[in-house]
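S.K.: Just dropping this structure here.
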Ligand SMILES: [Zn+2]
Ligand SMILES: [Zn+2]
């Protein structure tokens, strides 16, 4: 979390601390996960049953517009859903399994390097970078290999061997 916490972050953006803003930012920080609006709404209701859906969605939009919260589509692996996470985390890429929907975060120097290269090469001042990779996690790779095998597909290596014979 940024020094000074949630209240300071809101103040930097010229926003007052309200109960719903505080609840949503706390939920996003504490979960550390990528939650969709409906999930966030349900969690927020547990903290304050008076909150309604419109307020939660409107607050989320405000936090997004003021750059405190990031909106992600995570390779659209579940259709049109959007996911939210706090921007107070260190910059990272999202790596999404297209089969089971598992989301990993990749932190590291390549991202910082890419930002610097974009700034140097294009003379841009980069304020936000969103990097996503889609593929299959190690579990799903194994499952897919079994499925393809059972379906009778020849692996490329086997196919080329057959051609040589
Ligand atoms: Zn997977
Ligand atoms: Zn993330």
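S.K.: Provide a single number: the residues in the stretch 108-156 that are in a loop (DSSP other than H, G, I, E, B), within 16 Å of ligand 2 (Cβ to nearest atom) and either touching a helix residue (DSSP H, G or I) at 6+ places or on another chain (Cβ under 8 Å) or in the same structural domain as residue 71 (by TED's automatic domain parsing) (or both).
M.R.: 2
S.K.: While we're on this one: Go through (1) under 30 Å from residue 115 (Cα atoms); (2) at pLDDT below 95 one by one and return the number of the condition residue 38 breaks.
M.R.: So residue 38 meets the others, but not (1).
S.K.: Also, I was wondering about something else. For the stretch 32-46, name all the residues that are surrounded by 15 or more Cβ atoms within 10 Å (Cβ to Cβ) and either assigned to a helix (DSSP H, G or I) or at positive phi (or both).
M.R.: 37, 39, 40, 41, 43, 44, 45, listed by residue number.
S.K.: So is residue 59 within 28 Å of residue 132 (Cβ to Cβ) and touching a helix residue (DSSP H, G or I) at 6+ places or on another chain (Cβ under 9 Å) or not? Working first, answer last.
M.R.: Numbers: within 28 Å of residue 132 (Cβ to Cβ): yes; touching a helix residue (DSSP H, G or I) at 6+ places or on another chain (Cβ under 9 Å): yes.
Here the answer is yes, as residue 59 does meet what is asked.
S.K.: Specify the residue that is surrounded by the most Cβ atoms within 10 Å (Cβ to Cβ); the eligible residues are those in the stretch 77-89 that are more than 15 Å from residue 28 (Cβ to Cβ) and away from ligand 1 (no atom under 16 Å from the Cβ).
M.R.: The initial filter retains those residues of the stretch 77-89 that are more than 15 Å from residue 28 (Cβ to Cβ), namely 77-81.
So of that shortlist, the ones also away from ligand 1 (no atom under 16 Å from the Cβ) come out as 79-81.
Details: 79: 6, 80: 6, 81: 15.
Across the stretch 77-89, the extreme among qualifying residues is 81.
S.K.: Among the residues of the stretch 123-137, count how many are touching a strand residue (DSSP E or B) at 6+ places or on another chain (Cβ under 8 Å) and at pLDDT 90 or above.
M.R.: Within the stretch 123-137, the first condition is being touching a strand residue (DSSP E or B) at 6+ places or on another chain (Cβ under 8 Å), and the residues that meet it are 128, 130-137.
Going one step further and asking which of them are at pLDDT 90 or above, we end up with 131-137.
Residues that pass the stated criteria total 7.
S.K.: When you scan the stretch 61-75, do you find a residue that is modelled with pLDDT under 95, in the same structural domain as residue 37 (by TED's automatic domain parsing), assigned to a helix (DSSP H, G or I) and within 16 Å of ligand 1 (Cβ to nearest atom), even just one?
M.R.: yes
S.K.: Among 152, 108, which is at pLDDT below 90 and either over 26 Å from residue 74 (Cα atoms) or more than 27 Å from the chain's Cα centre (by Cα) (or both)?
M.R.: Numbers: 108 fails: either over 26 Å from residue 74 (Cα atoms) or more than 27 Å from the chain's Cα centre (by Cα) (or both).
The conditions single out 152.
S.K.: While we're looking at this one, here's another question. Scan the stretch 48-60 for residues that are loosely packed, with under 15 Cβ neighbours inside 10 Å and part of a helix (DSSP H, G or I) and report the count.
M.R.: Count: 4.
S.K.: For the stretch 99-113, which positions are more than 16 Å from ligand 1 (Cβ to nearest atom) and loosely packed, with under 15 Cβ neighbours inside 10 Å?
M.R.: Quick first cut of the stretch 99-113, residues more than 16 Å from ligand 1 (Cβ to nearest atom) only: 107-113.
Matches in the stretch 99-113: 107, 108, 109, 110, 112, 113.
S.K.: Out of curiosity, is residue 96 assigned to a loop (DSSP other than H, G, I, E, B) and surrounded by 13 or more Cβ atoms within 10 Å (Cβ to Cβ)?
M.R.: Working: assigned to a loop (DSSP other than H, G, I, E, B): no; surrounded by 13 or more Cβ atoms within 10 Å (Cβ to Cβ): yes.
Spelling it out, it is not the case that residue 96 is assigned to a loop (DSSP other than H, G, I, E, B) and surrounded by 13 or more Cβ atoms within 10 Å (Cβ to Cβ).
S.K.: Here is a list: 85, 91, 105. Which entry is assigned to a strand (DSSP E or B) and in contact with a helix residue (DSSP H, G or I) (Cβ under 8 Å, 6 or more places away or on another chain)? Break it down into steps so the answer makes sense when it comes.
M.R.: Working: 91 fails: assigned to a strand (DSSP E or B); 105 fails: in contact with a helix residue (DSSP H, G or I) (Cβ under 8 Å, 6 or more places away or on another chain).
After applying the criteria, what remains is 85.
The values are calculated or read from the model by the stated rules, or taken from the named source; none is laboratory data. In this text the structure is predicted, and so the values were computed from the model without any measurement. Positions of Cβ are backbone-derived with ideal geometry, glycine not excepted, and every protein chain shown enters the neighbour counts.
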